[in-house]
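In what follows, a single structure is set out as structure tokens and then discussed.
The values are calculated or read from the model by the stated rules, or taken from the named source; none is laboratory data. All values reported here derive from a predicted model rather than from experimental measurement. Here the Cβ is made from the backbone with ideal geometry for all residues, glycine too, and neighbour counts use every protein chain on show. The accessibility values were calculated without ligands, DNA or RNA, using every heavy atom of the protein model including side chains. Shrake-Rupley method; radii C 1.70, N 1.55, O 1.52, S 1.80 Å.
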Amino acid sequence: MTDLLYLEDSTVRTFDATVERVLEDGRVVLDRTHFYPEGGGQPADTGTLRVDSDGGRLEWPVADVQKRDTVYHVLDLEAGTNSTAAPIADVLEPGTTVTGELDWDRRYAHMRYHTAQHLLSAYLLEAYDAPTTGNQLYADRARLDCAYERFQDDDLATIEAAVNDLIHDGLPVRWYELERDVAEADLDLERTRIDLLPDSITEIRIVEIGDTDDPFDRVACAGTHVQSTADLGTLEITGRETAGSGEERIRFRLLE
């Protein structure tokens, strides 16, 4: 099973790993990775995977990362620099040391938007009793769905101002892991959303924003985040729409 290094440190841009398995279609399994696989509304990381061989340096774009039974790094074989023209499985044999490099601008944008989404979700739950039901992040925008009848223009202005006050307070962001039975016994299940996780998950990663003793937000999440809300800049709500019966969708972007 691939060691998910991004869960502990989301700031690493380049790392070394060992190839465990290669499929003919270009999917590569590594023993460890800092590439985030798509999930939780956060897109997969992209970047490059390279190896130094007798024929020189070979490099392939990492076009996608997916987590199934393990983590698969999907290489763009046609865009790679494999001058040997040999099958990918012959070039990246199990045991080969490779270097992964993230597209950092893309990853960091996702980190900012994911943290902003947590902050917005926490405020909507506290001020409007509107739990988040879904979200989707991009590198330049995001959307959030929540259980609420309808937001008016003055609601959106209030929400935007309140979230920006929290951002500008420079609240610390941290993450840690708990055994599931401990988390269920000690934490607020409505806020952490632990009850939505499959029973097969026995260790829960918790992300908190705010004071250690009384955080503004505390939720189960396996995504990547910045370390302070001060890194988010300014949040601008760009619109709202109905996302279904009793469902509202808020669209937003982050300004530097």
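Output the number of residues of the stretch 22-69 satisfying the condition of being within 23 Å of the chain's Cα centre (by Cα), in a loop (DSSP other than H, G, I, E, B) and without any contact (Cβ under 8 Å) to a residue 60 or more places away in the chain.
Final tally of qualifying residues: 6.
Any idea which of (1) in contact with a helix residue (DSSP H, G or I) (Cβ under 6 Å, 6 or more places away or on another chain); (2) buried (at least 16 other Cβ atoms within 10 Å of the Cβ); (3) on the phi > 0 side of the Ramachandran plot is the one Thr224 doesn't satisfy?
(3)
With the requirement that a residue be closer than 18 Å to Leu232 by Cβ, open to solvent by 70 Å² or more (accessible area, probe 1.4 Å) and part of a helix (DSSP H, G or I), what does the stretch 130-176 give you?
Asp165, His168
Quick one: is Thr48 open to solvent by 30 Å² or more (accessible area, probe 1.4 Å), hydroxyl-bearing (Ser, Thr, Tyr) and in contact with a Phe, Trp or Tyr (Cβ under 8 Å, 6 or more places away or on another chain)? Break it down into steps so the answer makes sense when it comes.
Working: open to solvent by 30 Å² or more (accessible area, probe 1.4 Å): yes; hydroxyl-bearing (Ser, Thr, Tyr): yes; in contact with a Phe, Trp or Tyr (Cβ under 8 Å, 6 or more places away or on another chain): yes.
Judged against the criteria, Thr48 is a match.
Going through the stretch 38-57 one residue at a time, which ones are at negative phi and either among the polar types (S, T, N, Q) or touching a Gly at 6+ places or on another chain (Cβ under 7 Å) (or both)?
Gln42, Thr46, Thr48, Leu49, Ser53
I'd like the full set of residues that are in a loop (DSSP other than H, G, I, E, B), open to solvent by 40 Å² or more (accessible area, probe 1.4 Å) and closer than 16 Å to Thr18 by Cβ, limited to the stretch 70-104. Don't jump to the end; show me each part of the working.
Narrowing the stretch 70-104 to residues in a loop (DSSP other than H, G, I, E, B): 70, 76, 80-87, 92-96, 103.
Okay, now just the ones that are also open to solvent by 40 Å² or more (accessible area, probe 1.4 Å), so 76, 81, 83-85, 87, 93-95, 103.
Scanning the stretch 70-104 gives Glu93, Pro94, Gly95.
Go through the stretch 55-87 and give me each residue that's in contact with a helix residue (DSSP H, G or I) (Cβ under 9 Å, 6 or more places away or on another chain) and at pLDDT 85 or above.
Matches in the stretch 55-87: Leu58, Trp60, Pro61, Ala63, Leu75, Leu77.
The conditions are (1) open to solvent by 50 Å² or more (accessible area, probe 1.4 Å); (2) within 25 Å of Trp104 (Cβ to Cβ); (3) more than 18 Å from the chain's Cα centre (by Cα), and Leu235 fails exactly one of them. Which is it?
Checking Leu235 against (1) open to solvent by 50 Å² or more (accessible area, probe 1.4 Å); (2) within 25 Å of Trp104 (Cβ to Cβ); (3) more than 18 Å from the chain's Cα centre (by Cα), the one that fails is (1).
Identify, by number, the condition in (1) in contact with a strand residue (DSSP E or B) (Cβ under 6 Å, 6 or more places away or on another chain); (2) open to solvent by 40 Å² or more (accessible area, probe 1.4 Å); (3) of a type in the set (A, V, I, L, M, F, W, C) that Ala127 doesn't meet.
(1)
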